[in-house]
Amino acid sequence: PFRDCGDATCARLLVPLDHSGAVPGRLSLKVVRHESPDRIERGAMLLLVGRPGQAGTRVDEYAWEASDLDLILLDQRGTGAAALRCRDLEAATDTDAGREAAACAMLLGDGRAFFRTSDTVEDIETLRAQLGIERLTIVGSVYGAYVARRYALRYSDRVERMLLESPVDAAGID
């Protein structure tokens, strides 16, 4: 259920840690909804942002609006208030962080296997179903554009339209 949180409504989306069900556990992801005052039908535009660890529900620099759609913001797994924290990796240089990345993987333990793009794609599908919306409009920026494209490849019948800013090929990056 959504509750008032200022200029929007907020909720927690409970998703399985492992969507296959083999490993127990759940994650609680923050969702923010800005309701459209002109909404005639139930519809939604999901905004996916793209900097590592960036809270998707705190996007002051974005002012996306669609008069007939609710704007949905999601903290993807491992981001926002529930972000995975590896201080040494966060302080490392972008081009030479091998040692710090390995140490972070050890710190996170076996749970690190469930913070993949494919897991986030399944989280988005869970969100869409929970919202009771047949098809999403998705706006994706950088990594969010990559996630949006992966979602569209997996659930093409659930995408109304997409707008991608600085997209990365859905086949992946080297």
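The values are calculated or read from the model by the stated rules, or taken from the named source; none is laboratory data. The shown structure was predicted, so the numbers you read here are calculated from the model rather than taken from an experiment. Every residue, glycine among them, receives a Cβ derived from its backbone with ideal geometry; neighbour counts consider all protein chains shown. All accessible areas refer to the heavy atoms of the entire protein, side chains included, with ligands and DNA or RNA removed. Shrake-Rupley method; radii C 1.70, N 1.55, O 1.52, S 1.80 Å.
Details
- Taking residues in segment 1-28 that are under 26 Å from Leu71 (Cβ atoms) and modelled with pLDDT under 90, and partners anywhere that are of a type in the set (Val, Ile, Thr) and buried (at least 16 other Cβ atoms within 10 Å of the Cβ), the pairs with Cβ atoms closer than 6 Å and at least 6 places apart or on different chains are Ala8/Val32.
- In the set (1) in a loop (DSSP other than H, G, I, E, B); (2) surrounded by fewer than 18 Cβ atoms within 10 Å (Cβ to Cβ); (3) touching a helix residue (DSSP H, G or I) at 6+ places or on another chain (Cβ under 6 Å), Gln76 fails one condition alone, (2).
- Residues within segment 122-152 that are open to solvent by less than 30 Å² (accessible area, probe 1.4 Å), out of contact with any Asp or Glu (no Cβ under 7 Å at 6 or more places or on another chain) and among the β-branched types (Val, Ile, Thr), tallied: 5
- Evaluation of Ala92 against (1) buried (at least 17 other Cβ atoms within 10 Å of the Cβ); (2) in contact (Cβ under 8 Å) with a residue 24 or more places away in the chain (one fails), failing number: (2)
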